[in-house]
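The values are calculated or read from the model by the stated rules, or taken from the named source; none is laboratory data. These numbers come from a predicted model, not from an experiment. A quick note on method: Cβ atoms are made from the backbone with ideal geometry, for glycine too, and the neighbour counts reach across all protein chains shown. Surface areas here come from the heavy atoms of the whole protein model, side chains and all, with no ligands, DNA or RNA. Shrake-Rupley method; radii C 1.70, N 1.55, O 1.52, S 1.80 Å.
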Amino acid sequence: MNTADLGRRVGVPSTALFTDQYELTMVQAALRAGTADRHSVFEAFTRRLPEGRRYGVVAGTGRVLDAVENFHFDDEMIGFLRQQEIVDEPTLEWLAGYRFSGDVWGYPEGEVYFPGSPILRVEGTFAECVLLETVILSILNHDSAIAAAASRMSAAAGGRRLIEMGARRTHELSAVASARAAYVGGFDATSDLAAGFRWAIPTVGTSAHAFTLLHDTERDAFRAQVDSLGRGTTLLVDTYDVTEAVRAAVEIAGPELGAVRIDSGDLLLVAHRVRQQLDELGATNTKIVVTSDLDEYAIASLAAAPVDAYGVGTQLVTGSGHPTCSMVYKLVARAGSGEPDAPLVPVAKKSLGAKASKGGRKWAARRTDEHGVAEAEVVGTGPVPEALADRQLLVELVRDGEVVAREPLDAVRDRHVAARATLPMSAIQLSRGEAVIPTEYV
């Protein structure tokens, strides 16, 4: 069963109250004014990347599709809105029958993005589109932030295995979303079973220091774990003395010992010493896993160490310093009336400073050089230049309210690897910098 099938089987509860009150009051006012049915185009984008980052990663699209599909108001929700006098009775009646019936286009999940990239485009009536603003942004901003951090860590790891283990460092629902986003960004497994169940992400885990402390001796703990989980298990060797623990681990499990985990100390120094000791004891195939508040910089600093896998928690699930992507959801075009054939009129916020936006329904394409390396993100509202016709980025996600583009997470993960590989090499540098390619408006 692929991850898309699993997502549909598990299901998602109604997302209709994952919203801000002003979205409902705007619907009420638009219904009274007769403008609620005007065909409208909203776009999600970011005006800038988080400080120092060179590219963004689109993540959460699959969860957005679930959220849109499950956005409906049940009797209990309508009762709550009525009791709290949030909106009037005609609006409650309209909400009771709400189902999104419009279209959604967007960058495919796993793709990279840049300032101004129209990451998601939502079209339909004003009323049905404006209701989706908060739930869409909450998913995209969170998941894309985690995926961007994961991508940087993946690049720094240089092909070594990465394990997401941050569930205890964030909200329990965020933990599941974070594991999914981390997988998109290049992680290989998660410790969170809910994420494994919901999204079919590989799960791993063996024991903590508490298991060693439970037993009278470290040897007793190792023996119990090996007896239960087999010689291929991972033994945690830094509860007491690392050298003694490694010796005991190999004596008990033999050279078939799967791995040892180091969770404290000077990881670079300790990893070298443990590798030498394992080899001397004949456990040449035993892997070394390191944990302990890692981020992309710590991972990069261990590039020369004999480390086989990294376990990352806090820094990953908090976006490694950037827990949001500052994406916004703006009306960029709307019809002059509610008539089905009324032409679209570009609209845009004209605020002073950095909050101004560009109107019009947009397309996006990525121009590359003769070697296939990205040169620019090209965004426009008119005809697509012939040279960019086969490089357009937006794909159809929802048609007439029906989801048409669910896909397994492994495909999304592979897409991200491929997309990142087309960027200039400086994209994966950890030093602070501007977006690795410019955004050009035509």
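Listed here are the residues, each with its yes/no results for (1) loosely packed, with under 15 Cβ neighbours inside 10 Å; (2) in contact with an Asp or Glu (Cβ under 8 Å, 6 or more places away or on another chain).
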position	(1), (2)
A167	no, yes
A175	no, yes
A182	no, yes
F187	no, yes
T190	no, yes
F197	yes, no
A224	no, no
D227	yes, no
V237	no, no
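Of all residue pairs spaced 6 or more apart or on separate chains, those with beta-carbon atoms under 8 Å, a first member in the stretch 11-34 that is over 11 Å from N70 (Cα atoms) and a second member that is modelled with pLDDT under 95 and in a loop (DSSP other than H, G, I, E, B) are G34/G338.
Could you tell me how many of the residues in the stretch 203-218 are more than 30 Å from R180 (Cβ to Cβ), surrounded by fewer than 17 Cβ atoms within 10 Å (Cβ to Cβ) and not aliphatic (A, V, I, L, M)? Counting residues in the stretch 203-218 that are more than 30 Å from R180 (Cβ to Cβ), surrounded by fewer than 17 Cβ atoms within 10 Å (Cβ to Cβ) and not aliphatic (A, V, I, L, M) gives 3.
Quick check, is E375 surrounded by fewer than 19 Cβ atoms within 10 Å (Cβ to Cβ) and either touching an Asp or Glu at 6+ places or on another chain (Cβ under 6 Å) or within 22 Å of M425 (Cα to Cα) (or both)? Before you say what the answer is, go through the steps one by one.
Details: surrounded by fewer than 19 Cβ atoms within 10 Å (Cβ to Cβ): yes; either touching an Asp or Glu at 6+ places or on another chain (Cβ under 6 Å) or within 22 Å of M425 (Cα to Cα) (or both): yes.
Against the criterion (surrounded by fewer than 19 Cβ atoms within 10 Å (Cβ to Cβ) and either touching an Asp or Glu at 6+ places or on another chain (Cβ under 6 Å) or within 22 Å of M425 (Cα to Cα) (or both)), E375 qualifies.
Being within 13 Å of G56 (Cβ to Cβ) and not in a loop (DSSP other than H, G, I, E, B) narrows it down to one of V184, V176, V135, so name that one. Step through it out loud before you land on a result.
On the way: V176 fails: within 13 Å of G56 (Cβ to Cβ); V135 fails: within 13 Å of G56 (Cβ to Cβ).
That would be V184, the only listed residue that is within 13 Å of G56 (Cβ to Cβ) and not in a loop (DSSP other than H, G, I, E, B).
Scan the stretch 421-442 for residues that are closer than 20 Å to Q392 by Cβ and open to solvent by 40 Å² or more (accessible area, probe 1.4 Å) and the total you get is 6.
Among the residues that make up the stretch 356-376, is at least one of them more than 24 Å from E109 (Cβ to Cβ) and hydrophobic (A, V, I, L, M, F, W, C)? Among the residues of the stretch 356-376, at least one is more than 24 Å from E109 (Cβ to Cβ) and hydrophobic (A, V, I, L, M, F, W, C), which makes the answer yes.
Output the number of residues of the stretch 359-371 satisfying the condition of being within 26 Å of the chain's Cα centre (by Cα) and either on the phi > 0 side of the Ramachandran plot or surrounded by 18 or more Cβ atoms within 10 Å (Cβ to Cβ) (or both). Outline the logic, then answer.
First pass over the stretch 359-371, keeping only residues within 26 Å of the chain's Cα centre (by Cα): 361-368.
Of the ones still in play, those that are also either on the phi > 0 side of the Ramachandran plot or surrounded by 18 or more Cβ atoms within 10 Å (Cβ to Cβ) (or both) are 362-366.
Here the count works out to 5.
Across the stretch 349-356, a minimum of one residue is classified as out of contact with any strand residue (DSSP E or B) (no Cβ under 7 Å at 6 or more places or on another chain), on the phi > 0 side of the Ramachandran plot and modelled with pLDDT under 95. Within the stretch 71-108, if we keep just the residues that are open to solvent by 10 Å² or more (accessible area, probe 1.4 Å) and under 20 Å from the mean Cα position of the chain (by Cα), the residue that is farthest from V404 (Cα to Cα) turns out to be P108. If you go through the stretch 398-406 one residue at a time, do you hit one that is within 30 Å of the chain's Cα centre (by Cα) and either under 26 Å from R47 (Cβ atoms) or among the aromatic types (F, W, Y) (or both)? Looking for residues that are within 30 Å of the chain's Cα centre (by Cα) and either under 26 Å from R47 (Cβ atoms) or among the aromatic types (F, W, Y) (or both), one finds at least one in the stretch 398-406, hence yes.
Residues are listed down the side, and each one gets a yes or a no for (1) without any contact (Cβ under 8 Å) to a residue 40 or more places away in the chain; (2) out of contact with any His (no Cβ under 7 Å at 6 or more places or on another chain); (3) over 16 Å from V57 (Cα atoms):
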residue: V403; (1), (2), (3): no, yes, yes
residue: R406; (1), (2), (3): no, yes, yes
residue: A418; (1), (2), (3): yes, yes, no
residue: A421; (1), (2), (3): yes, yes, no
residue: P424; (1), (2), (3): no, yes, no
residue: E434; (1), (2), (3): no, yes, no
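Listed by position, the strands (runs of 3 or more DSSP E) contained in the stretch 299-394 that have at least 2 residues being small (G, A, S) are 309-312, 327-335, 363-368, 374-380.
Would you check which residues across the stretch 346-358 are closer than 21 Å to R121 by Cα and open to solvent by less than 60 Å² (accessible area, probe 1.4 Å) and list them? Listed by number, the residues that qualify are V347, A348, A356, S357.
On the stretch given as the stretch 358-372, residues that are among the β-branched types (V, I, T) and without any contact (Cβ under 8 Å) to a residue 24 or more places away in the chain total 0.
For the stretch 281-298, taking the residues that are part of a strand (DSSP E or B) and β-branched (V, I, T), the one that is nearest to S264 (Cα to Cα) is identified as V290.
Considering only residues that are assigned to a loop (DSSP other than H, G, I, E, B) and touching a Gly at 6+ places or on another chain (Cβ under 9 Å), which ones fall in the stretch 257-268? L257, G258, D263 - these are the residues of the stretch 257-268 that are assigned to a loop (DSSP other than H, G, I, E, B) and touching a Gly at 6+ places or on another chain (Cβ under 9 Å). Only residues that are among the β-branched types (V, I, T) and touching a residue at least 24 places away in the same chain (Cβ under 8 Å): list them for the stretch 67-85, please. Hit for the stretch 67-85 is V68, nothing else.
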